[in-house]
């Protein structure tokens, strides 16, 4: 069964948060269809980078099998936006996998998706996220965290390791190993191996 | 002095080839301005992914300080396109840095930019590239190769290591180390350390 991935975008999303995982999924055209989704369809500027075209607006009727939520400074544009958060909450109930990279987990938390769940986020933004999102069992040291069907990763590049873990879980380890080889990517296979964990916030 | 980066796009470019390096450059807004460039301005579909909006067409008068040329299956759409190759050749003469990721070096080679130069490319496509592009000193084992102001990297993820090397050379090692930390990226600092080098083509 082909799974549809909702690659969520918003103004000033972090480029590699989105495109790192998409690269890994894109090798399996028979298994995944990638669709970009934003509040409204159309071009959406990345943080410090070019615009990505959102194919679908959140006002549509479409459902998705996998949610991919990036982070970035642009989370502030949508973390109080009811239409955005209610879409995340609604789609998360229907999706087979709910995933975030970096401070994308802030958006899932604000939508209530992470209530009572284990999750992680960008390590340089860790306390900023954890302090404003209670009710989540935030993991300070983790490359990525799996709680049921919810995968949250640490900052930026960690999304690639998380995507490869999803591939391993969904299509098998050989698929994940192939994707890493095709991308010439030296993979971190251990979710507990977090080279960027810090005990205290950088001040 | 702020440097302008021409992030070259063409139909079916490989997503991470482009966005991996752009992520690393994007942390330094005072030093770099990223502009997407295609044969014509407008949306350009990535390989298996969404469209990126090209801000500039190659018919414009603008010059750029840094060229970033990704690869991907889409190289076949432009590797015989005179307007594309002549733009690459012309801009390469003016740019401070000419860079490619993956099979982006095929495009530089076809434009004559790599004549007599050391260069590398994707390791799974190595012989396919080397066989059709003579006159280039192709390096079979290299994460990336520097020859004068020309940086060519191996496949996909190698572009991030190359971009960090460019940051180190242009802004200093501390800038590169910071970018890797901000991206939570475990960097390969040694251009000769190529975990994906293969002696023979995969058949």
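Each value in this text was obtained by applying a stated rule to the coordinates, not by laboratory testing. Worth saying up front: this structure is predicted, and the values here are computed from it rather than measured. Virtual Cβ from ideal backbone geometry, glycine too; neighbours counted across all protein chains shown.
If you look at the Cα atoms of chain B, you get an Rg and a Dmax of 15.5, 48 Å. Each Cα pair under 8 Å and six or more residues apart adds its separation to the average, and for chain B the resulting relative contact order is 19 percent.
Note on residue B:89 and residue B:137: the extension gain reaches 15.5 nm, defined as 0.36 nm multiplied by sequence separation minus the Cα-Cα distance.
Distance from the alpha carbon centroid of region B:126-203 to that of region A:108-130 works out to 34 angstrom.
Which percent, to the nearest 5, of DSSP beta bridges fully inside chain B are antiparallel? Show your work: numbers first, answer last.
Working: 8 of 29 bridges.
So the antiparallel bridges amount to about 30 percent of the total.
In terms of the Cα gyration tensor, with a ≥ b ≥ c the square roots of its eigenvalues, is the protein assembly as shown rounded because a/c is under 1.5, prolate because a/b exceeds b/c, or oblate? Prolate is the answer for the protein assembly as shown, as a/c is 1.5 or above and a/b outweighs b/c. Taking a ≥ b ≥ c as the square roots of the eigenvalues of the alpha carbon gyration tensor, region B:1-66 is oblate, as a/c is not under 1.5 and a/b does not beat b/c.
What value, in deg cm²/dmol to 500, does the helix sum -39500 (n - 2.57) over DSSP H runs of n ≥ 4 give at 222 nm once divided by the residues of chain A? That calculation yields -9500 deg cm²/dmol at 222 nm. Here is how far apart the residue B:193 label points are across copies: 1.3 nm, shortest first, using a point 7 Å from Cα toward Cβ. Plainly put, the tip 7 Å out from Cα toward Cβ on residue A:62 is 2.9 nm from that tip on each other copy, the closest given first.
Taking the DSSP beta bridges with both ends in the protein assembly as shown, the antiparallel portion is around 30 percent. Shown for residue A:86: label points 7 Å from Cα along the beta-carbon vector, and their distances to the equivalent points in the other copies, 5.6 nm in ascending order. Annotation: the antiparallel percentage among DSSP beta bridges lying fully within region B:67-152 is about 25.
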